[in-house]
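Asks: Here it is: the structure, laid out below.
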Amino acid sequence: QVQLVESGGGLVQPGGSLRLSCAASGIYFRFYAMDWYRQVPGKQREQRELVATIASDFTANYADSVKGRFTISRDNPKNTLYLQMNNLKPEDTAVYYCNVRQTDFWGQGTQVTVSS
């Protein structure tokens, strides 16, 4: 049974930082590309925004809105995906989800709120 558990969200002031984690189990983690998405209030699940991706060879890509501020990484021995978020802005406020690329395996999400 595949399980993804996100953590690390919270309330932070603009300009602050957070590090999200996604612990995976039930899959051969190292073989899969992984993604971070976010969903803002009022948007449907199908409207989740792809924030960052990392392939099994560690190649990373980012949405233009977060490029230069967010860093995606993975620790294969720990079966864990990370998202380091720096210089956070109010528009980054959302629920953040990890996803096994091209599958319907999602975590429960972790809330990130950027506000003064």
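What follows draws every value from the coordinates through simple rules; no lab data is involved. Fair warning: this is a prediction, and the values are worked out from it, not measured in the lab. All Cβ positions, even for glycine, are placed from backbone atoms using ideal geometry, and neighbour counts span all protein chains on display.
Asks: Quick one: which residue in GLN39, GLN102, GLN47 is at positive phi and either in contact (Cβ under 8 Å) with a residue 60 or more places away in the chain or not hydrophobic (A, V, I, L, M, F, W, C) (or both)? Lay out the reasoning, then the answer.
Replies: Values: GLN39 fails: at positive phi; GLN47 fails: at positive phi.
Of GLN39, GLN102, GLN47, the one residue that is at positive phi and either in contact (Cβ under 8 Å) with a residue 60 or more places away in the chain or not hydrophobic (A, V, I, L, M, F, W, C) (or both) is GLN102.
Matching residues to (1) buried (at least 17 other Cβ atoms within 10 Å of the Cβ); (2) touching a His at 6+ places or on another chain (Cβ under 6 Å); (3) of a type in the set (S, T, N, Q):
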residue: GLU46; (1), (2), (3): no, no, no
residue: PHE58; (1), (2), (3): no, no, no
residue: ARG69; (1), (2), (3): no, no, no
residue: LEU81; (1), (2), (3): yes, no, no
residue: ASN86; (1), (2), (3): no, no, yes
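Asks: Here is a further query. Restricting to segment 10-28, name every residue that is closer than 26 Å to SER56 by Cβ, in contact with a Leu (Cβ under 8 Å, 6 or more places away or on another chain) and either outside any strand (DSSP E or B) or aliphatic (A, V, I, L, M) (or both).
Replies: LEU18, LEU20, ALA23, ALA24
Asks: Right, here's the next one. Restricted to segment 54-77, and to residues that are touching a residue at least 12 places away in the same chain (Cβ under 8 Å) and not in a loop (DSSP other than H, G, I, E, B), which residue is nearest to PHE29 (Cα to Cα)?
Replies: ASN76
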